[in-house]
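Chemist: Dropping a structure here in structure tokens format, bear with me for questions.
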Amino acid sequence: MASHARVRAPELTGKGGWLNTGGTPLTLADLRGRIVLLDFWTFCCVNCLHVLDELRELEEKHRDTVVIVGVHSPKFVHEAEHQAVVDAVERYGVHHPVLDDPELATWKQYAVRAWPTLVVIDPEGYVVAQHAGEGHAHAIEKLVEELEATHEERGTLRRGDGPYVPPEPVATDLRFPGKALALPGGNLLVSDSTRHALVELAPDGETVVRRVGTGERGLVDGGPGTARFSEPQGLALLPDGRVIVADTVNHALRAYDPETGQVTTVAGTGRQWWQGSPTSGAAREVDLSSPWDVAWFADRVWIAMAGVHQLWSYDPATATVRAEAGTTNEGLVDGPAAEAWFAQPSGLAASADGERLWVADS
């Protein structure tokens with residue numbers, strides 16, 4: 001039987017240098033004995049952001065054997081700016097080393113063709129798998145468990161702490177706020193996206209009146225000190241005074257009542273929508289995908305569903321959701337709502353006369 005040639009993993013090189021390592025550059029030799037998972041991503045790609053979240057559980061469960069290395073590989077000019085990469089790594093809660101590769105040197109060495117792409121390197125430094133797109137976390141975990149067993153037996157597995165060094169926290173009231181909304185009483189409500197909370201400010205825009213959310217990721221309803229969000233973004237005021245929150249990474253809509261401080265989930269299951277899933281029905285029973293912004297328009301909450309390149313709506317009166325525009329194909333195609341294509345719609349605004357809904361199509 002013919003044997004397949006083993007491919008030695010190319011070295012990791014990038015002109016932008018390393019983040020989350022305390023300033024220390026990494027080589028594959030430094031990582032020998034560990035299972036290395038390279039995540040080729042770029043920060044404007046919603047599919048890449050989905051993969052970052054898919055990998056969190058794997059990263060925690062196998063942290064003594066697996067080292068995830070993000071290889072930031074820009075698609076657009078702005079994504080090649082080093083400070084923008086530094087900001088994105090903090091903004092999206094990336095808790096592993098990241099190589100900033102603005103000239104795509106490592107991308108080319110690994111013959112990567114798509115964002116995102118995952119490459120698995122075994123403890124002896126050989127490439128053993130490559131997956132493009134999202135939804136591969138389960139298959140990769142099975143492979144990791146097989147590699148752990150094989151290399152434990154061979155004596156080639158090295159356990160221990162990884163090379164991740166967290167950056168110094170910044171002492172500010174807000175960190176990468178997603179959206180601000182004027183409340184009827186004159187206060188401002190801001191989605192404090194990176195800190196997974198809402199912050200209510202006095203009319204001066206500086207004095208913190210209250211924080212809503214524990215600051216930890218999660219999908220937990222309750223009062224200001226118990227509720228949990230995961231990278232909340234868009235906000236929309238309902239006629240009844242409640243605020244709808246696009247809880248982006250929880251794939252959910254939450255309602256916040258400024259009078260009581262209570263947070264309740266009104267749409268979504270906490271699971272990400274996949275092809276073949278329902279696109280309408282009872283709001284708490286239909287999966288959503290990275291809702292990025294919300295707006296009150298035509299007696300409904302409209303949703304910029306960035307993860308599936310569509311516009312959806314939520315009707316508070318009937319507690320239902322439905323897809324309104326877009327095919328889930330990613331692109332720039334005008335036409336009837338059901339035939340139009342969007343690409344990560346990320347912002348919404350209703351016109352003052354109530355006649356039009358404007359979409360920022362990222």
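Chemist: Counting only residues that are open to solvent by 70 Å² or more (accessible area, probe 1.4 Å), give me the strands (runs of 3 or more DSSP E) lying completely in region 120-210 with at least 3 of them.
Modeler: none
Chemist: Let me ask something else. Are there any pairs with C-beta distances below 8 angstrom linking a residue in region 82-100 that is more than 11 Å from PRO166 (Cα to Cα) to a residue that is among the hydroxyl-bearing types (Ser, Thr, Tyr) and open to solvent by less than 10 Å² (accessible area, probe 1.4 Å), with the two at least 6 apart or on different chains, and if so which?
Modeler: Note: pairs meeting the criteria are ARG91/SER193; LEU99/THR106.
Chemist: Let me ask another. Examine region 100-111 for a residue that is touching a strand residue (DSSP E or B) at 6+ places or on another chain (Cβ under 8 Å) and part of a helix (DSSP H, G or I), and state whether such a residue exists.
Modeler: Yes - at least one qualifying residue is present in region 100-111.
Chemist: Anything in region 322-360 that is under 22 Å from ARG284 (Cα atoms) and more than 22 Å from the chain's Cα centre (by Cα)? List them, or say none.
Modeler: ARG322, GLU324, ALA325 - these are the residues of region 322-360 that are under 22 Å from ARG284 (Cα atoms) and more than 22 Å from the chain's Cα centre (by Cα).
Chemist: How many residues does region 316-342 contain that are part of a loop (DSSP other than H, G, I, E, B) and either crowded, with 17+ Cβ neighbours inside 10 Å or out of contact with any helix residue (DSSP H, G or I) (no Cβ under 9 Å at 6 or more places or on another chain) (or both)?
Modeler: Filtering region 316-342 down to residues part of a loop (DSSP other than H, G, I, E, B) leaves 316-319, 326-329, 331-332, 334-340.
With either crowded, with 17+ Cβ neighbours inside 10 Å or out of contact with any helix residue (DSSP H, G or I) (no Cβ under 9 Å at 6 or more places or on another chain) (or both) added as a condition, the list becomes 316-317, 326-327, 329, 331-332, 334-340.
Residues flagged as part of a loop (DSSP other than H, G, I, E, B) and either crowded, with 17+ Cβ neighbours inside 10 Å or out of contact with any helix residue (DSSP H, G or I) (no Cβ under 9 Å at 6 or more places or on another chain) (or both) within region 316-342 amount to 14.
Chemist: Still on this structure, please answer the following. Being in contact (Cβ under 8 Å) with a residue 40 or more places away in the chain and either in a loop (DSSP other than H, G, I, E, B) or open to solvent by less than 10 Å² (accessible area, probe 1.4 Å) (or both) is the filter here; which residues of region 296-306 pass it?
Modeler: Of all residues in region 296-306, those in contact (Cβ under 8 Å) with a residue 40 or more places away in the chain come to 296-298, 301-306.
Those that are in contact (Cβ under 8 Å) with a residue 40 or more places away in the chain and either in a loop (DSSP other than H, G, I, E, B) or open to solvent by less than 10 Å² (accessible area, probe 1.4 Å) (or both): ALA298, VAL301, ILE303, ALA304, MET305, ALA306.
Chemist: Report yes if GLY281 is open to solvent by less than 40 Å² (accessible area, probe 1.4 Å), touching a residue at least 24 places away in the same chain (Cβ under 8 Å), of a type outside the set (Asp, Glu) and assigned to a loop (DSSP other than H, G, I, E, B), otherwise no.
Modeler: no
Chemist: Could you pull out the residue among ASP64, ASP39 that is in a loop (DSSP other than H, G, I, E, B) and touching a Gly at 6+ places or on another chain (Cβ under 9 Å)? Show your work before the answer.
Modeler: Details: ASP39 fails: in a loop (DSSP other than H, G, I, E, B).
Sole residue among the options that is in a loop (DSSP other than H, G, I, E, B) and touching a Gly at 6+ places or on another chain (Cβ under 9 Å): ASP64.
Chemist: Listed residues LEU55, LEU104, LEU49; which is open to solvent by 10 Å² or more (accessible area, probe 1.4 Å), among the hydrophobic types (A, V, I, L, M, F, W, C) and under 24 Å from ARG271 (Cβ atoms)?
Modeler: Working: LEU55 fails: open to solvent by 10 Å² or more (accessible area, probe 1.4 Å); LEU104 fails: under 24 Å from ARG271 (Cβ atoms).
Criteria check complete, one pass: LEU49.
Chemist: In region 144-166, what residues are in contact with a strand residue (DSSP E or B) (Cβ under 8 Å, 6 or more places away or on another chain) and under 19 Å from GLY70 (Cβ atoms)?
Modeler: VAL144, GLY162, PRO163, TYR164, VAL165 - these are the residues of region 144-166 that are in contact with a strand residue (DSSP E or B) (Cβ under 8 Å, 6 or more places away or on another chain) and under 19 Å from GLY70 (Cβ atoms).
Chemist: Filtering region 265-274 down to residues that are assigned to a loop (DSSP other than H, G, I, E, B) and of a type outside the set (D, E, K, R), which residue is most open to solvent (accessible area, probe 1.4 Å)? Break it down stepwise before answering.
Modeler: The first filter runs over region 265-274 and keeps only residues assigned to a loop (DSSP other than H, G, I, E, B), leaving 268-271, 273-274.
Subset that is of a type outside the set (D, E, K, R): 268-270, 273-274.
On the way: GLY268: 2, THR269: 38, GLY270: 33, TRP273: 15, TRP274: 115 Å².
So the residue we want is TRP274.
Chemist: Which residues, counting only those in region 126-135, are under 22 Å from GLN275 (Cα atoms) and free of Cβ contacts under 8 Å to residues at least 24 places away in the same chain? So that I can check it myself, show each step before the final result.
Modeler: In the first step, residues of region 126-135 are kept if they are under 22 Å from GLN275 (Cα atoms); the result is 131-135.
HIS131, ALA132 - these are the residues of region 126-135 that are under 22 Å from GLN275 (Cα atoms) and free of Cβ contacts under 8 Å to residues at least 24 places away in the same chain.
Chemist: Kindly provide the set of residues from region 180-197 that are closer than 17 Å to TYR92 by Cα and polar (S, T, N, Q), ordered by number.
Modeler: Our first condition is that a residue be closer than 17 Å to TYR92 by Cα; within region 180-197, this holds for 191-197.
Listed by number, the residues that qualify are SER191, SER193, THR194.
Chemist: Under the condition of being touching a Lys or Arg at 6+ places or on another chain (Cβ under 7 Å) and free of Cβ contacts under 8 Å to residues at least 40 places away in the same chain, which residue from region 231-264 is most open to solvent (accessible area, probe 1.4 Å)?
Modeler: ASP257
Chemist: Looking only at region 284-294, which residues are open to solvent by less than 10 Å² (accessible area, probe 1.4 Å) and either over 21 Å from LEU181 (Cβ atoms) or among the small types (Gly, Ala, Ser) (or both)?
Modeler: Answer for region 284-294, where residues must be open to solvent by less than 10 Å² (accessible area, probe 1.4 Å) and either over 21 Å from LEU181 (Cβ atoms) or among the small types (Gly, Ala, Ser) (or both): VAL286, SER289, SER290.
Chemist: I'd like the full set of residues that are part of a strand (DSSP E or B) and surrounded by 18 or more Cβ atoms within 10 Å (Cβ to Cβ), limited to region 343-356. Walk me through how you get there before you give the answer.
Modeler: Narrowing region 343-356 to residues part of a strand (DSSP E or B): 345-350.
Residues satisfying the conditions are PRO345, SER346, LEU348.
Chemist: Among the listed residues VAL77, VAL71, which satisfies the condition of being hydrophobic (A, V, I, L, M, F, W, C) and open to solvent by 50 Å² or more (accessible area, probe 1.4 Å)? First the steps, then the outcome.
Modeler: Working: VAL71 fails: open to solvent by 50 Å² or more (accessible area, probe 1.4 Å).
Exactly one of VAL77, VAL71 is hydrophobic (A, V, I, L, M, F, W, C) and open to solvent by 50 Å² or more (accessible area, probe 1.4 Å), namely VAL77.
To keep it simple, each residue is scored yes or no on (1) within 22 Å of ARG217 (Cα to Cα); (2) not basic (Lys, Arg).
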{"site": "TRP18", "(1), (2)": "no, yes"}
{"site": "ARG34", "(1), (2)": "no, no"}
{"site": "VAL46", "(1), (2)": "yes, yes"}
{"site": "VAL86", "(1), (2)": "yes, yes"}
{"site": "VAL94", "(1), (2)": "yes, yes"}
{"site": "ALA105", "(1), (2)": "no, yes"}
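The values are calculated or read from the model by the stated rules, or taken from the named source; none is laboratory data. This structure is a prediction, so every number in the text was calculated from the model and none was measured. When we count neighbours, we look across all protein chains shown, and the Cβ atoms used for this are built from the backbone with ideal geometry, even at glycine. Just so you know, the surface numbers come from the protein's heavy atoms only, side chains and all, with ligands and any DNA or RNA stripped out. Shrake-Rupley method; radii C 1.70, N 1.55, O 1.52, S 1.80 Å.
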